[in-house]
Amino acid sequence: MLDLAFIRSNPEAVKEAALLKNNSIDVDALLAIDQQVVALQHEVEEARAKQNQLSKGIQQAAKEKNAELRNNLIAEGKKLAEFIKAKEPELNQLTEERYNLLLMVPNIPDPSTPVGKDEDDNVPFKYWGEAPKFDFQALDHYDLMLKHNLVDIERAVKVAGSRSYVLRGDAARLELALINFAMDKMSRKGFTPLIVPSMARDFAFVGNGQFPKGRDQVYEIKDQDLFLVGTAEVSITGMYKDEILKGEELPLKFVGYSPCFRQEAGTYGKDTRGVFRIHQFNKVEQYIICKANHEESVFWFEQLLQNAEELIQELELPYRVVNVCTGDMGDGKVGMYDIECWVPSEKRYRETHSCSYLHDWQARRANLRYRDEEGKVKFVHTLNNTAIASPRILIPLLETHQQEDGSIRIPEALRPFMGGQEYIGR
Ligand SMILES: Nc1ncnc2c1ncn2[C@@H]1O[C@H](COS(=O)(=O)NC(=O)[C@@H](N)CO)[C@@H](O)[C@H]1O
């Protein structure tokens, strides 16, 4: 959510952002409702002020035993009370309408964001590692998993329906190793490890921006104000709601693990082979709450990206980083980088990480605030990036490190988390 004062004084900038982000918000309609709310608020406050004066006058008239004046003033007070009673429902309804429109207003993208329609317009700006050259018939991740009995999709589908999977044997151990590898490295970087709820209340999804627009992607717990999170970002965004943090305790740096659940509505038929796009997966999430300062946000944006790059480099996976364009970045982002790992079987890069900074767009929605050194209460800035998301990361990992004998080399960095094991399938 943007500051209403900013929208009032910069309608054109907001309209431009909406256009760039394929966002259909009608800024003029929002401002028209806003003017009605302000006018009505003014009328009701004036009436209340008059009521206060009248009650003083009534007391005074009673003291002076002036019954006629007292009765006139009481009658006037009744008329005012009726006026307020009549206006309040209209004021509440318009205020709610304005709030619901405010939730649909996109953030202003940073000028460095490429203008574009969709992911095809994202701009790669960094490459790392050489795509492996196999002098043997390389297998894709699903065939590798079947070969080593590392997955059971049929039985998973029996239990949980489409886009589900069972990881078996060393794949199950590999996923846990990857989660521990990420949590361990990020903890040593001073990020506080969290294991957060995968169920959260509506306000947390409004807070991170998943609601109202992305409601169709979320599983709901029947008859409770609880929904399954698609990312620990939702749970962490909700944790500090309504608190006022001390400036000196910022930035808060979290590395949060949670199972993640996504309906993947609208992706029918896409990425149906293997474990690329599934309804439940595990993710280790980097999350920053920092002071409301653009330079500080940009610093952490680069840091979160670098943290993820270090993890991927230790996994010895070739990747590239793309600057996500305005049409693909979503409403809340000021800036967004995706990391895409090379997938040999597809001979292309595929997204494995997504890094964003949002200024105070989430903080306004979730009411996350801090007191700065001058004692002023402000909304914080928030940022997030994937550290590791599995099993998707297993795809480049298994394919890239497959050997001619069909075994899979476990990267050095992961071995301590796999009991020192060096290969799968040997
Ligand atoms: N349906 C899915 N199946 C498997 N992995 C997924 C799925 N959706 C997302 N992921 C993984 O989770 C990563 C982050 O998801 S994201 O929506 O892009 N971004 C976020 O959730 C942010 N909170 C940063 O992690 C993706 O890059 C991908 O690696």
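Modelled spin-label separation between Glu316 and Ser112, with each label point placed 7 Å from Cα along the Cα-to-Cβ direction: 3.3 nm.
A cut-off under 9 angstrom between Cβ atoms defines the neighbours of Thr231, and their net charge, with Lys, Arg +1 and Asp, Glu -1, is 0. Length gained on full extension, Gln35 to Leu226: 65.2 nm, using 0.36 nm per residue less the C-alpha separation.
Dipole magnitude for the chain: computed about the Cα centre from +1 point charges on Lys and Arg Cβ and -1 point charges on Asp and Glu Cβ, it is near 1160 debye.
Given a cut-off of 29 Å, name the pairs among Lys253/Lys378; Lys126/Lys253; Lys189/Lys333; Lys126/Lys270; Lys270/Lys291 whose C-alpha atoms lie farther apart than that in the structure shown. Those over the limit are Lys270/Lys291. Per residue, the chain reaches -13000 deg cm²/dmol at 222 nm when only DSSP H runs of four or more residues are counted, each adding -39500 (n - 2.57).
Measuring nothing but alpha carbons in segment 228-268 and taking Rh as the Kirkwood radius, the Rg to Rh ratio lands at 1.14. State the Cα centre-to-centre distance between segment 236-292 and segment 396-426 in whole Å. With segment 236-292 and segment 396-426 each reduced to a Cα centre, they are spaced 28 Å. Listed by chain and number, the lysines whose alpha-carbon sits under 24 Å from that of Lys63, ignoring those within fewer than 8 places in the same chain, are Lys50, Lys78, Lys79.
Calculated FRET efficiency, Leu146 and Asp216, Cβ-Cβ r, R0 41 Å, to nearest 0.05?
Here the calculated transfer efficiency is 0.80.
Taking amide H as placed 1.01 Å from N in the peptide plane, Val151 has its amide H under 5 Å from the amide H of Arg168, each at least 5 places away in sequence or on another chain. Using a simple spin-label model with pseudo-atoms 7 Å out from Cα toward Cβ, Tyr127 and Arg415 lie 3.0 nm apart. One decimal place: the segment Ala172-Glu46 gains 38.7 nm when fully extended, by the rule 0.36 nm per residue minus the C-alpha distance. Among the chymotrypsin sites (Phe, Trp or Tyr not before Pro) within segment 223-261, not one is in coil by DSSP while having at most 11 neighbouring Cβ atoms inside 10 Å.
Across segment 386-401, rounded Karplus estimates of 3J(HN,Hα) from the backbone phi angles (6.51 cos²θ - 1.76 cosθ + 1.60, θ = phi - 60°) give 5, 9, 8, 10, 10, x, 4, 5, 5, 5, x, 5, 5, 5, 5, 9 Hz, Gly and Pro being marked x. The residues neighbouring Ala47, those whose beta-carbon lies less than 14 Å from its own, together hold a net charge of -1 under the Lys/Arg +1, Asp/Glu -1 convention.
When +1 charges are put on Lys and Arg Cβ atoms and -1 charges on Asp and Glu Cβ atoms, the dipole computed for segment 1-156 relative to its Cα centre reaches about 1320 debye.
Ordering Ser164, Ser9 by how much accessible area each has at a 1.4 Å probe, largest first, what is the list?
Ser9, Ser164
Considering only Gln403, Pro318, Phe261, whose Cα is most displaced toward the positive end of the charge dipole of the chain, charges sitting on Cβ of Lys, Arg (+1) and Asp, Glu (-1)? Towards the positive end, the residue furthest out is Phe261. Ranking Phe301, Tyr99, Pro109 by how far each Cα lies toward the positive end of the dipole of the chain (charges on Cβ) leaves Tyr99 at the top. When +1 charges are put on Lys and Arg Cβ atoms and -1 charges on Asp and Glu Cβ atoms, the dipole computed for segment 178-233 relative to its Cα centre reaches about 320 debye. Expressed as a whole percent, the proportion of Cα-Cα pairs in segment 96-201 lying more than 18 Å apart is 78%.
Kirkwood radius and radius of gyration were both taken over the C-alpha atoms of segment 4-103, and their ratio Rg/Rh is 1.27. The protection proxy used here, the mean number of other Cβ atoms lying within 10 Å of each residue, ranks peptides 14-22, 210-218, 81-89, 276-284 as follows, highest first: 276-284, 14-22, 210-218, 81-89. Span-like helix check, the chain: qualifying full DSSP H segments, with Cα axial length of 18 Å or more and mean Kyte-Doolittle of 0.0 or more, are 169-188. All C-alpha pair distances within the chain, sorted into 20 Å bins from zero, spread as 22, 48, 20, 8, 2, 0 percent across the bins.
Summarising the strand pairing of the chain, around 90 percent of its internal DSSP beta bridges are antiparallel. Among the GluC sites (Glu not before Pro) in segment 119-159, those located in a DSSP loop and surrounded by at most 11 other Cβ atoms within 10 Å of their own Cβ are Glu130. Computed from the Cβ-Cβ distance with R0 of 22 Å, the FRET efficiency linking Ala265 to Ala160 stands at 0.85.
Stokes-Einstein diffusion for segment 186-314 at 37 °C, viscosity 0.692 mPa s, with a Kirkwood radius from C-alpha pairs, works out to 203 µm²/s.
The values are calculated or read from the model by the stated rules, or taken from the named source; none is laboratory data. What you see is a predicted model, and the numbers here were worked out from it, not measured in a lab. Methodologically, a virtual Cβ is constructed for each residue, glycine included, from the backbone with ideal geometry; neighbour enumeration extends over all protein chains shown. The area values use the complete protein model at the heavy-atom level, side chains included, leaving out ligands, DNA and RNA. Shrake-Rupley method; radii C 1.70, N 1.55, O 1.52, S 1.80 Å.
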